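Peer 1: Have a look at this one.
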Amino acid sequence: MSDVPVADELGGFRAEVQRFLVSALPPELAARTKAGHTLSRDELMFWHRTLHGRGWVAPGWPTEHGGAGWSILQRHIYDEEAARAGAPSIIPMALTIVGPLLIAHGTDAQRTKYLPRILDGSEIWCQAWSEPEAGSDLASLRCHAERIGDEYVVNGTKIWTTFAQWADRCMLLARTATGDRQQFGITILLIDMKDPGVSIRPLPSLDGMHVLNQVYFDNVRVLVSDRVGPEDEGWGLLKSTVGHERILNADVGRARALLDRLIRTVQANPGAQPGLRSRVARAAIRLRSLEVLVMRALDSPDPANASGASIIKLLGTELQQEASWLMSEALGLYGLPYLPDVMQNGWQNEIPIGPDDAATVTPFYLFWRKASISAGTSEIMRNLIAQQVLGR
Amino acid sequence: MSMSSSPGEDLLAIEEAANNFLSQEYDFRRRNIYLQGTGNVERSLWRRFADLGWLGLSLPEDYGGAGGSAVESWMLLQRLGAYLVLEPYLSSVVVCGWPLVTHGRKQVRDRLLPELIAGRIQLSLALNEPEGKHPNIITTLATPMDGGWRLVGHKSVVLGAPTADYLLLSARCDAQRIVLLIRPDDAGVMIRPYRLIDGRTAGEILFDGARVGPDSLLAVGPEADELLDVARLAGAFGCVAESVGVMKAALAATVEHVRARRQFGQALSGFQAIRHRIAAMHIACEEADALGWRAAQAYSLADPKERLAAIAAAKSDVGQSARRVCEEAVQFHGAIAITDEFPVGHYLKRAVVNERLFGNSELWTEHFSKAVFGWP
Ligand SMILES: Cc1cc2nc3c(=O)[nH]c(=O)nc-3n(C[C@H](O)[C@H](O)[C@H](O)COP(=O)(O)OP(=O)(O)OC[C@H]3O[C@@H](n4cnc5c(N)ncnc54)[C@H](O)[C@@H]3O)c2cc1C
């Protein structure tokens, strides 16, 4: 698909990104990513380190903290090119949330202790916010931290914690006080996942893969020096940091990459039905409008607050879901077999069952129903949009 | 034509009996254990289905069945869908058993049907082919040889193949279609078994010069065409009935969830945005039930065109709407529905598979237009 036109001076940047991707991204890894295989931790961390070597692993961080210092537009261009080239999406939590949070609100000691190890990939982070009873209404969270001397003692549970099974550390939202406003009394703590009081229950997802976990905290001790910002006031810090996540969680780049793959799939199946073809075209048309909406949101001074951000999250994820469904339909019956080994490793020595990449498609469709749930559900997005349109 | 508008007491009794058995023996926890197993090899549940009279529910009394019509199975199949039953009821009893009542060489039918109804054998229809975008295209070759046939070809995504004792194989013989009854362990027949995303078993079947004898003949020429048409219709109807059960179960789970789950200080069922969409899910279930019911009744009609139209209408509509309802069910459950440990995502899986088996919405919309309007 064609690029959205951008200012000339960024043409050079795009070319630089393309050159880097050609030289640094191993073709086998790109092929595996494009075919939708479940990447291993090693593969994800390889790409993390490669980006780190080029100084691009933390595109939005300021340069003095080891980031690339890119503008929001440069990041967008990078996301587009990376998605098109088949670069893996690296494990995002530390880079998109923890790092920016520490840069904005952490102490010097915290930055020195954590940022370099985030950048070089020696520590993986997870984000322990949601709880069984606190989902969309995150501020109702209850996982409890009690201050005892120069430590907090944490008790409670978190759920849907992505990659907790790999994480060395986690960013925890804990309840330290209760008051009239739920938002008050939430404290951000940085936890060592090796603490003996931390235990994990894996929660296999609909595609059979293991991404999600429930995490239990049983008298986990955290030094006060591992608290970010003031006690009880974590919510405000969070609000000021996560806004950007929404627009930059590469929804559009991903939608485009999926549509590209969809179009390849349809082209490889000349028998695809006319109705399917017209729905594919319809999805491509919607992508075109989305591309302009993204450019507009990026051009506005504070993208995090523009109503565009919610619209883009909503439309981008809907489009991804539609593309993944159409891809499954395009495969016909060969979209139906469940072959978990092939999903991970591709076909090795056997004759493939159906088209080479078929095994990853429908499981991805199933798992990707999550796109309209995580990072703010579609209903919450619509509520935000309605609020912006109608007022409270 | 006289058609009752909804199931009477006798039919509701079938539903209730099925619920009683399945809620005991096929709750979600047990189902997961069955799913970890070897795919129905031991067949203990299959024999119990026979004892319950399920296998012969809509098959003639002469063969040991209950002599019911399709409406009895309509009730049962919905329950098998709602409980996500893994046994190959659809592929074995509906897709193969039903056509054999009226089609195929009598000698073979008379032998197979009593065995099927008694739960001693399972059958599977080997119809689809890898390139066969259109299910009417058959390229598997049966070359006459020594009074029998030599088989070369590839059948793809054959539901129930791994556990079947006999396969009903469609092939091309000279310029005609032929249906042969073969055994999976015949020399030159290879099955690559797997599970589908919804947990049911299926497989690829490869024929590399397999030889079968003269008594494997089931039907040839127009008789074979008809047998395959009837089997496809039965498959489509079975998918509809199962999926209506699936979507009702998904709706029921969602209603329960949104009533119990509280966020922002109130039950989710209090948010109007959710209420309207639950209403839409309910409407979709009612519409699907109506179309499925009409299709079930159409089985008793003399006019084959009306029968085709009713089943085509149902398959065209229900496939999609069952999936959409299940997608909504996942959405309203939130993250918990993305886990494999929770039933709602499995409803979606079953709906996805049923939508596509035996032809998707687009194909059956074409069949409908052709049957009703004569549009090509
Ligand atoms: C794959 C995946 C990965 C995740 N990773 C993480 C992670 O790493 N760390 C973490 O902390 N969390 C994670 N989450 C959790 C995620 O943030 C929550 O799922 C999300 O906040 C929604 O909460 P919930 O699932 O409890 O759904 P609920 O909040 O219970 O919502 C259920 C349904 O009700 C609707 N609803 C809720 N409130 C309203 C309203 N006011 N009006 C209308 N409708 C409403 C929702 O839209 C949804 O459809 C992940 C989730 C998924 C699926």
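The values are calculated or read from the model by the stated rules, or taken from the named source; none is laboratory data. The model shown is predicted, which means the values in this text are computed figures rather than measured ones. Ideal geometry is used to build each Cβ from the backbone, glycine not excepted, and the neighbour counts take in all protein chains shown. Just so you know, the surface numbers come from the protein's heavy atoms only, side chains and all, with ligands and any DNA or RNA stripped out. Shrake-Rupley method; radii C 1.70, N 1.55, O 1.52, S 1.80 Å.
Peer 1: Around B:MET75, under 10 Å between beta carbons, what's the net of Lys plus Arg minus Asp minus Glu among the other residues?
Peer 2: After counting each charged neighbour, the total is -3.
Peer 1: Pick from B:ALA50, B:ALA309, B:ALA279: which residue has the top mean-square fluctuation in a GNM of chain B where Cα pairs under 10 Å get a spring?
Peer 2: B:ALA279
Peer 1: Please name which of A:VAL361, A:ALA323, A:SER310 has its Cα lying farthest along the dipole of region A:310-392 towards the positive end, using unit charges on Cβ (Lys, Arg +1; Asp, Glu -1) and the Cα centre as origin.
Peer 2: After comparing all options, I get A:SER310.
Peer 1: Another question, if that's okay. I want to verify a result. In a Gaussian network model of chain B, Cα cutoff 10 Å, which of these has the top mean-square fluctuation: B:LYS155, B:LYS305, B:LYS349?
Peer 2: Residue with maximal mean-square fluctuation among B:LYS155, B:LYS305, B:LYS349: B:LYS305.
Peer 1: OK, next. Could you give the dipole magnitude of the protein assembly as shown about its Cα centre, charging the beta-carbon of Lys and Arg +1 and that of Asp and Glu -1, in debye to the nearest 20?
Peer 2: 600 debye
Peer 1: At the nearest 100 Å², what buried accessible area, both sides summed, do you get for A and B when the probe is 1.4 Å?
Peer 2: About 3900 Å² of accessible surface is lost on pairing.
Peer 1: Over all residues in B:340-347, what is the mean tally of Cβ atoms on other chains that come within 10 Å of each residue's Cβ?
Peer 2: Whole-number average of other-chain Cβ neighbours for B:340-347 is 3.
Peer 1: Running a GNM on chain A with Cα contacts under 10 Å, which residue among A:GLU151, A:GLU28, A:GLU318 ends up with the highest mean-square fluctuation?
Peer 2: The residue with the greatest mean-square fluctuation here is A:GLU28.
Peer 1: Further question: How well do other chains shield peptide A:352-359, expressed as the mean number of their Cβ atoms within 10 Å of each residue Cβ?
Peer 2: For peptide A:352-359, the averaged partner shielding equals 2.
Peer 1: Still on this structure, please answer the following. Summing Lys, Arg as +1 and Asp, Glu as -1, what charge do residues with Cβ under 9 Å from the Cβ of A:LEU206 carry, A:LEU206 excluded?
Peer 2: Result for the local shell: +1.
Peer 1: Let me spell out the model: positive unit charges on the Cβ of Lys and Arg, negative unit charges on the Cβ of Asp and Glu, origin at the Cα centre of region B:188-265. What dipole size does that give, in debye rounded to 20?
Peer 2: The dipole magnitude comes to about 820 debye.
Peer 1: Here's another thing I want to ask about it. At what distance in nm do the modelled label points of A:MET209 and A:LEU223 sit from each other, each positioned 7 Å from its Cα along Cα→Cβ?
Peer 2: Label at A:MET209, label at A:LEU223, 3.7 nm between them.
Peer 1: Could you tell me the relative contact order of chain A? Use alpha-carbon pairs under 8 Å, at least six residues apart, and round to a whole percent.
Peer 2: So the answer I get is 14 percent.
Peer 1: What number comes out for the charge environment of B:MET281, summing +1 per Lys or Arg and -1 per Asp or Glu over other residues with Cβ under 9 Å away?
Peer 2: Once positives and negatives cancel, what remains is +1.
Peer 1: I've got another one for you. Ordering B:PHE342, A:PHE46, B:PHE237 by how much accessible area each has at a 1.4 Å probe, largest first, what is the list?
Peer 2: A:PHE46, B:PHE342, B:PHE237
Peer 1: Go through B:ILE117, B:GLN266, B:PRO144 and say which Cα lies farthest out towards the positive end of the charge dipole of chain B; charges sit on Cβ, +1 for Lys and Arg, -1 for Asp and Glu.
Peer 2: The residue sitting farthest along the positive end of the dipole is B:GLN266.
Peer 1: How high is the relative contact order of region A:7-90, given as a whole-number percent (alpha carbon pairs under 8 Å, six or more residues apart)?
Peer 2: 36 percent
Peer 1: Measuring from a point 7 Å past the Cα of B:ARG111 along Cα-to-C-beta, which residues in region B:202-238 have an amide N at less than 12 Å?
Peer 2: The answer is B:213-218.
Peer 1: Relative contact order (percent) for chain B, with alpha-carbon contacts under 8 angstrom and 6 or more residues of separation?
Peer 2: Averaging sequence separation for qualifying contacts and normalising by length gives 15 percent for chain B.
Peer 1: Here's another thing I want to ask about it. Pop a pseudo-label 7 angstrom from the Cα along the beta-carbon direction at both A:SER23 and A:ASP195 and give the gap in nm to one decimal.
Peer 2: About 4.4 nm, to one decimal.
Peer 1: Could you pull out every whole DSSP H run in chain A that spans at least 18 Å of Cα extent along its own axis and averages -1.0 or higher on the Kyte-Doolittle scale?
Peer 2: Long hydrophobic helices here: A:9-24, A:72-85, A:234-248, A:251-268, A:274-299, A:308-330.
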